[in-house]
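Step one of this worksheet: look at the structure below.
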Amino acid sequence: MNDAAPAPTPAPAPRRVRVRAPELIGKGGWLNTGGNELTLADLRGKCVVVDFWTFCCINCLHVLDELRELEEKHRDTVVIVGVHSPKFVHEAEHQAVVDAVERYGVHHPVLDDPELATWKQYAVRAWPTLVVIDPEGYVVAQHAGEGHAGAIAKLVEELEVEHEAKGTLRRGDGPYVPPEPVATHLRFPGKALLLESGNLLVTDTTRHQVVELAADGETVVRRYGTGERGLVDGAAEEARFNEPQGLCRLPGGKVAVADTVNHALRVLDPGTGEVSTVAGTGAQWWQGSPTEGPAREVALSSPWDVAWWRDEVWIAMAGVHQLWAYDPAKGTVRVAAGTTNEGLVDGPAGEAWFAQPSGLAATDERLWVADSETSALRWVDPEGAVHTAVGTGLFDFGHRDGEAGQALLQHPLGVTVLPDGSVAVADTYNHALRRYDPAAGEVTTLATDLREPSDAVLVGDDIVVVESARHRLTRLRLPEEAVQVAAVAHRTRREATEVAPGTLRVDVVFRAPSGQKLDERYGPSTRLLVSSTPPELLVSGAGTGTDLFRELVLDPAVPEGVLHVSAMAASCDDDPANEYPACHVHQQDWGVPVKVTESGVSRLPLILAGMDPAETA
């Protein structure tokens with residue numbers, strides 16, 4: 001007989017709020033489904049990962065690559081659904097989304113949502129955002145930014161066990177139906193280069209090759225690379241690339257190749273066909289990684305273009321919004337300009353901000369930069385200072401000629417120096433070739449009706465344009481006078497968040513992923529940077545701090561603007577038995593359009609890492 005007092009009845013665990021996933025709706029319809037419309041009911045029994053992306057966004061492209069392994073490993077239980085949510089006007093065009101799905105090798109269903117209907121239903125605030133839905137149709141996690149594939153894979157494994165036991169997991173093929181392949185010599189070419197022989201070298205980006213064309217720009221002379229994704233050096237028939245983009249000639253005749261998705265700088269010898277890797281580890285650079293040192297020991301992040309300038313290969317490092325430089329004599333790389341913050345800020349190299357630089361062209365005195373996400377043409381002087389010739393910021397774009405201070409571009413990807421010292425700009429989302437004249441300070445239009453031009457190269461008196469979405473090179477005679485076009489101006493279509501006048505609290509909601517903890521061994525492990533466009537929007541609260549919350553005071557005289565929030569948190573594996581735990585950096589930048597109204601909110605929550613949706617309420 002046990003005389004001990006009965007144990008008290010434990011208090012019930014707090015009930016977890018279950019949030020039913022809103023339906024997936026979009027005016028543009030579905031891609032990669034064989035023409036079938038999908039609903040969440042069709043996906044019941046599967047673990048669904050909804051990827052809110054837009055094809056201009058380098059972070060979104062990183063996430064597409066991160067999800068490939070998850071997609072393959074859990075093919076019978078997981079369905080990834082892309083929801084394309086456009087920033088730029090061009091991205092709302094259905095054919096542009098169709099092109100992007102093929103261009104970036106998206107092998108899952110994609111919903112084209114040009115009016116951001118599903119974006120609003122899921123209260124998404126940033127590109128990219130991932131939402132996990134369990135086999136019963138409930139939202140179980142939401143992640144903003146990149147670098148979450150490991151956490152999602154672990155969650156998927158837990159959901160598989162849970163719902164297998166409950167009988168609510170449905171195994172088998174998903175709804176993906178691949179489109180019919182199209183035969184063309186090139187498929188979404190990226191950049192081009194004139195060789196000493198008069199032939200043209202082109203990155204055949206979607207086919208993971210570099211192609212040499214005859215002087216006619218059509219006849220294929222040779223292909224470098226097998227056509228399969230990979231990072232393999234060797235002969236032309238053995239080497240592998242992964243969505244290569246930029247090209248530049250090196251002294252001696254070899255060619256540097258920006259091997260974008262391999263996060264590597266390669267060198268190709270057109271004479272022998274040999275391909276070698278000279279910079280990058282094959283892994284993506286993350287915050288906290290080295291930013292200079294032996295080139296093969298320092299990670300890169302989506303190098304998009306390259307240019308030979310001042311005895312170095314300058315690299316448009318689109319993935320971290322910086323310019324880097326590779327010194328072939330020393331075998332080293334370094335950050336040359338930019339802070340990793342995304343935006344348009346001029347000044348000394350170490351203080352300037354870029355936004356996905358994607359095109360480079362050099363003269364003796366200037367390195368020209370196509371800064372795509374700010375729709376800007378910028379340049380670096382020999383002292384390293386950064387200047388802006390055309391463009392005003394992340395959310396202003398359009399097609400407007402005239403005085404440079406009021407001219408507008410739309411997501412340009414390429415720049416080419418012309419014989420008179422002016423600059424041709426591949427104005428990609430305007431389907432145009434533009435010209436900036438530094439002497440006159442004016443922008444004109446050279447040609448229209450191009451399809452997503454991504455680069456151009458001078459060949460005699462002609463300019464050969466890479467028409468990426470028409471899969472060809474197009475030869476144009478440089479006209480004496482520019483084509484006149486009607487002025488069009490745009491701002492981002494994204495709906496503004498209504499905020500109350502006065503004090504606004506910004507809360508960056510962060511919880512270390514399962515099995516990790518905040519890394520505070522060397523001081524605060526978090527950072528928050530806040531600014532605004534226009535700067536006058538914020539009376540106080542701008543600047544950098546270590547808390548993941550900030551009290552902002554808004555100026556009632558400024559009715560609308562954009563809040564720029566950049567957050568970072570470091571976490572380490574929480575295993576006492578591991579003396580050297582692996583550490584992870586979580587970073588996300590938000591540009592949140594806001595409108596000041598009396599009925600607006602006084603708190604703005606932003607999700608940095610994986611959270612239960614109920615925790616942000």
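The values are calculated or read from the model by the stated rules, or taken from the named source; none is laboratory data. Quick caveat: nothing in here was measured; it's all calculated off a predicted structure. Heads up, the Cβs are rebuilt from the backbone with ideal geometry, glycines too, and the neighbour counts pull from every protein chain shown.
Condition (residue is touching a Leu at 6+ places or on another chain (Cβ under 6 Å), surrounded by fewer than 20 Cβ atoms within 10 Å (Cβ to Cβ) and at pLDDT 95 or above) applied to the stretch 135-148: is it met by at least one residue? Yes - at least one qualifying residue is present in the stretch 135-148.
The strands (runs of 3 or more DSSP E) located wholly in the stretch 350-410 that include 3 or more residues which are over 21 Å from the mean Cα position of the chain (by Cα) occupy 386-390.
Residue check: is GLY82 under 18 Å from the mean Cα position of the chain (by Cα), surrounded by fewer than 24 Cβ atoms within 10 Å (Cβ to Cβ) and closer than 26 Å to GLY319 by Cβ?
Against the criterion (under 18 Å from the mean Cα position of the chain (by Cα), surrounded by fewer than 24 Cβ atoms within 10 Å (Cβ to Cβ) and closer than 26 Å to GLY319 by Cβ), GLY82 does not qualify.
Under the condition of being surrounded by 21 or more Cβ atoms within 10 Å (Cβ to Cβ) and in contact (Cβ under 8 Å) with a residue 60 or more places away in the chain, the residues counted in the stretch 549-565 number 2.
Only one entry in VAL261, VAL306, VAL257, VAL275 is farther than 27 Å from HIS411 by Cα, buried (at least 20 other Cβ atoms within 10 Å of the Cβ), in the same structural domain as VAL369 (by TED's automatic domain parsing) and in contact (Cβ under 8 Å) with a residue 40 or more places away in the chain, namely VAL275. Which ones in the stretch 140-172 are farther than 30 Å from GLN588 by Cα and either out of contact with any helix residue (DSSP H, G or I) (no Cβ under 7 Å at 6 or more places or on another chain) or among the polar types (S, T, N, Q) (or both)? Residues satisfying the conditions are VAL161, GLU162, HIS163, GLU164, ALA165, LYS166, GLY167, THR168, ARG170, ARG171, GLY172. Considering only residues of the stretch 379-412 that are among the β-branched types (Val, Ile, Thr) and surrounded by fewer than 21 Cβ atoms within 10 Å (Cβ to Cβ), which is nearest to GLU312 (Cα to Cα)? Checked the stretch 379-412; the qualifying residue nearest to GLU312 (Cα to Cα) is THR388.
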